Amino acid sequence: NEGALWGGRFASGPAEAMAALSKSTHFDWVLAPYDVRASQAHADVLHRAGLLSDADHAEMLRGLRQLADDVASSAFVPAESDEDVHGALERGLIDRVGPEVGGRLRAGRSRNDQVATLFRMWLREASRRVAAGVLDVVGALADQADAHMGAPMPGRTHLQHAQPILLSHHLLAHAHPLLRDVQRLTDLDVRLAVSPYGSGALAGSSLGLDPEAIAADLGFASSSENSIDGTAARDFAAEAAFVFAMIAVDLSRLSEEIITWSTAEFGYVTLADAWSTGSSIMPQKKNPDVAELVRGKTGRLIGNLTGLMATLKAQPLAYNRDLQEDKEPVFDSVAQLELLLPAVTGLVSTLVFHGDRMAELAPAGFTLATDIAEWLVRRGVPFRVAHEAAGGCVRAAEERAVGLDDLTDDELAAVDPHLTPDVREVLTVPGSIASRDAKGGTAEVRVTEQLAGVRETLSSF
Ligand code: ARG
């Protein structure tokens, strides 16, 4: 088996179906640039440990540089006979510098510590790309919040009209979880920044090689404390899969709302042509496919997380081949987010909000009832009594099929003598919104402050 990394103790090569099962080049090839980069660092420590002559070291680095270029230009690609990225690259190196020099690189390392290190390197970069995409969505939400500052809408709990709120307040409520997701990615990097290189197969580095030197060379903060843990642990991958799934879930909740808002019944928003699709049969259709694909793919990202957890759950220490199944779900989650995030940014930044419609619906469903109760509390009425009285107003208004502000002075007084005509001062949507002016509330002063905070957090990343 030409180019295989093992074989000395085998009288024959693997069966065809064995090789097909074992093969991973079709997905682990994305690790090739990281593998070459780590090999350069490994060549340096071999040289420093006196295991590579100056001439061999120079020749090996020349070969690795050429290999890096050839990988980048696709002049070098995996062959049918290559089991994985690591074997393919050793074959590529030997093609370039010959077996005498190329055959020295593998000393003191194993694919087990290699792959764990490369996966972390890949994830550190991928999570920065994902974070940038999430921050773009937050930027789009902040811009829409800015553009509609002061515009009211019905706030909902249980999807039922609850209290009037500002649209900007609601949009920013989607920005905060996404900012926390970016913080999660930043925090994850603390755990990604530990290099298993030098852990060897499981027992650690011999040959006088220095894991800390490789770690520093590759931009890691440190090397693994425990070589068994270094090669066996995949909690970093599961954590990444969780954060990616959480991002999808947060985008999915936003998407679900956009889907609802764009129905004729709600009529809150119109989607831009560029971010919606038509129907092959119904000429009038304009469908919220971006939002639906977000919702749909979120199931897939949750599956990637749970699949990976299931793969890990019963594995004894240290490395087992099961771990080869760790990469595809995580790679897939990143690939899906890289498709979704720019589309969500496009969708959100081009939403056309129908302010009149939302303002008209803001008081519907007696959303000012709480304001009546709180007005009574400010006049010294116990909340239990105030709640009953406000409920009485709702009953009276519902019976006559009018709004709370349409109740006559007599009708109000009949519900509760405390309900004098000046209660009307709180029976307006702007009055209700402005009164919720404690920190975190929907009053415009607070939402404006909040928007500034979101922008500040945005620019801090
Ligand atoms: N391709 C494997 C992986 O992705 C690494 C190879 C380790 N193979 C081995 N027989 N120890 O996990």
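Mean sequence separation of contacting Cα pairs (under 8 Å, at least six apart), scaled by the length of the stretch 195-257, corresponds to a relative contact order of 34 percent.
Partner lysines whose Cα lies under 24 Å from the Cα of LYS313, excluding those fewer than 8 positions away in the same chain, are identified as LYS23, LYS327.
Please list the equivalent ellipsoid semi-axes of the stretch 361-448, computed as the square roots of five times the alpha-carbon gyration tensor eigenvalues, in descending order and whole angstrom.
Details: eigenvalues 102, 47, 21 Å².
So the three semi-axes of the stretch 361-448 are 23, 15, 10 Å.
The SER22 and LEU339 beta-carbon pair, evaluated with R₀ = 30 Å, returns a calculated FRET efficiency of approximately 0.50.
Computed from label points 7 Å out along Cα-Cβ, the spacing between THR277 and THR420 is 6.2 nm. Long hydrophobic helices in the chain: the complete DSSP H runs spanning 18 Å or more by Cα along their own axis with mean Kyte-Doolittle hydropathy of at least 0.0 are 85-102, 111-147, 235-261, 289-312, 327-349. Take every Cα-Cα pair in the stretch 16-107 and report what % of them are more than 24 Å apart. Value for the stretch 16-107 (Cα pairs over 24 Å): 21 percent. Packing, taken as the mean count of other beta carbons within 10 Å per residue, orders the peptides 51-57, 388-394 from highest to lowest as 388-394, 51-57.
Pop out the Kirkwood hydrodynamic radius of the chain from its pairwise C-alpha distances, inverse of mean 1/r, in Å to one decimal. Could you put the intermediate results ahead of the total?
Working: mean 1/r = 0.0379 Å⁻¹.
Averaging 1/r across every pair of different Cα atoms and inverting gives 26.4 Å.
Which of ARG96, ARG253 has the fewest other C-beta atoms within 10 Å, and how do the rest follow up to the most?
On the way: ARG96 19, ARG253 15.
So the ranking, lowest neighbour count to highest, is ARG253, ARG96.
Full extension of the segment from VAL385 to VAL352, taken as 0.36 nm per residue of separation minus the current Cα-Cα distance, would add 7.6 nm.
Just from its helices, what would the mean residue ellipticity at 222 nm be for the chain, if runs of 4 or more DSSP H residues each count -39500 (n - 2.57) and the sum is divided by every residue, rounded to the nearest 500 deg cm²/dmol?
Numbers: 18 runs with 281 residues, N = 461.
Dividing the helical sum by the residues of the chain leaves -20000 deg cm²/dmol.
Packing-based ranking of 43-50, 402-409, 229-236 yields 229-236, 43-50, 402-409, ordered from highest to lowest mean Cβ neighbour count within 10 Å.
In this rough spin-label picture, where each label sits 7 Å from Cα along the Cβ direction, the TRP6-ARG62 distance is 3.4 nm. If only the Cβ of Lys and Arg carry +1 and only the Cβ of Asp and Glu carry -1, the dipole of the chain around its Cα centre is close to 640 debye. Label point of THR408 set 7 angstrom out along Cα-Cβ; within the stretch 380-394, amide nitrogens under 20 Å from it belong to 392-394. Could you list the trypsin sites (Lys or Arg not before Pro) in the stretch 312-387 that lie in coil according to DSSP, counting only those with at most 13 other Cβ atoms within 10 Å of their Cβ? Hits after loop and neighbour filter: LYS313, ARG379. Simple spin-label estimate for VAL190 and ASP69 gives 4.3 nm between the two label positions (7 Å along the Cα-to-Cβ direction from each Cα). Taking a point 7 Å from the Cα of VAL77 along the Cα-to-Cβ direction, the residues of the stretch 19-50 with backbone N closer than 14 Å to it are 25-27, 29-30. The simple Förster model, with R0 at 30 Å and r as the Cβ-Cβ distance, assigns ARG400 and MET149 a FRET efficiency of 0.25.
If you place +1 on the Cβ of every Lys and Arg, -1 on the Cβ of every Asp and Glu, and leave all else neutral, what size is the dipole of the stretch 16-107 about its Cα centre, to the nearest 20 Debye? Mind dumping the intermediate values first?
Values: 9 positive and 16 negative charges, 58 e Å.
Using only the charged Cβ atoms, the result is roughly 280 debye.
Taking other C-beta atoms within 10 angstrom as a stand-in for reagent exposure, ILE433, ILE165 fall in the order ILE165, ILE433, fewest first.
A short reminder: the numbers here are calculations on the coordinates, not readings from a lab. Small disclaimer: the values here were computed from a predicted structure and weren't measured. Cβ: placed from backbone, ideal geometry, glycine included. Neighbour counts: every protein chain shown.
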